[in-house]
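Structure record follows, encoded as structure tokens.
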Amino acid sequence: MMKKKKLSAAAIVSLAFLALVILASLLAPLSRYDPNAVDLTHKFQNPSAQHWFGTDDFGRDYFTRILYGGRVSLSVGLLTMLVSIAFGTLYGIIAGSSGGIVDTLMMRIVDILMAIPSFLIIITLNVYLEAGMGTMVMTISLFSWMSVARIVRAEVLSLRERDFILAARGLGAHKSWIIFRHMVKNVSASVLVASTNSIAGAILTESSLSYLGFGIKVPNASWGGMLENAQTYILTKPVLAVYPGFCILFTVLCFNVLGNSLRTTLDPKARR
């Protein structure tokens, strides 16, 4: 009997860190400081009991802005993941289960979209559309579902030849019943792994857009925007870049580690 593999220690640590970041971001409104309130008499203060991460060039509490920036990054990552996973899974199942010319045409569309320099298109769309979280979720999702579709389509092609699928067809089961009863269930593990990578990629894209000035507009906080503001003072106050930089680094790293551990745990071939 195959022994069930558990999550690695690195994955558990990553999960605990992500839970802490998510909880802290959700509780950001409990902070006694307004993240956008300007107080020039207290600018560039060092970390203290009053300001855990000090203050920035406008005297704003940096810890509070980190928390609100986390709300933006995590929200964009989660919403983008939901959109891309939902559409990519549906697209992949339709392509894989249809086969023939339909599958070929659908996957050629995916190949064409994956060949487009997506980041430049995302920047262009954010320039001409009204900047905000909704715009970023829409534009990032537009180019993040293709990899999910390819993964799901490959899984469905494999499932089509499995004995239990052939038996269900032989018993006269309807195609839609086979898809929802068997295929969706069996691709869920791959989709779960892809979702963690999707969140990590969306957070990086959102941070890059905000860093370049095409994301969340000032004075609203975002990790990428805080990095962009910190570059002006990188020689005199480098700590302003350290906090948001480490938040992006460790959050994305933890999502990737968690995704790799889930792949090892849920993939039957990896447990042999």
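Note on Kirkwood radius over Cα pairs in Å: of the candidates (1) 22.5; (2) 20.7; (3) 18.4, the value calculated from this structure sits at (2). Mind running the shape call on segment 1-158? Use the C-alpha gyration tensor, a ≥ b ≥ c as the square roots of the eigenvalues: rounded below 1.5 for a/c, prolate if a/b tops b/c, oblate otherwise. Oblate, since a/c reaches 1.5 and b/c is not below a/b. Just checking the listed ones, ALA194, ALA11, ALA115: in the Gaussian network model of the chain with Cα springs under 10 Å, the one fluctuating most is ALA115. Note on the chain: GNM, Cα springs under 10 Å; of LEU18, LEU40, LEU209, the largest mean-square fluctuation is that of LEU40. Largest GNM mean-square fluctuation across THR135, THR55, THR41, computed for the chain with C-alpha springs under 10 Å, falls on THR41. When only the Cβ of Lys, Arg, Asp and Glu is charged (+1, +1, -1, -1), the dipole of the chain relative to its Cα centre reaches about 1320 debye.
So what is the 222 nm mean residue ellipticity for the chain from helices alone, if each DSSP H run of at least 4 adds -39500 (n - 2.57) and you divide by all residues, rounding to the nearest 500 deg cm²/dmol? Intermediate results must be reported in sequence, preceding the final value.
On the way: 11 runs with 183 residues, N = 272.
The helix-only estimate for the chain comes to -22500 deg cm²/dmol at 222 nm.
Placing +1 on the Cβ of each Lys and Arg and -1 on the Cβ of each Asp and Glu in the chain, which of ILE94, PRO35, SER73 has its Cα farthest towards the positive end of the resulting dipole? Looking along the dipole axis, the top candidate is ILE94.
Every number here is computed from the coordinates shown, using simple stated rules; none is lab data. All of these numbers come straight from a predicted model, not from anything done at the bench. In this analysis, Cβ positions are derived from the backbone assuming ideal geometry, glycine residues included, and neighbour counts consider all displayed protein chains.
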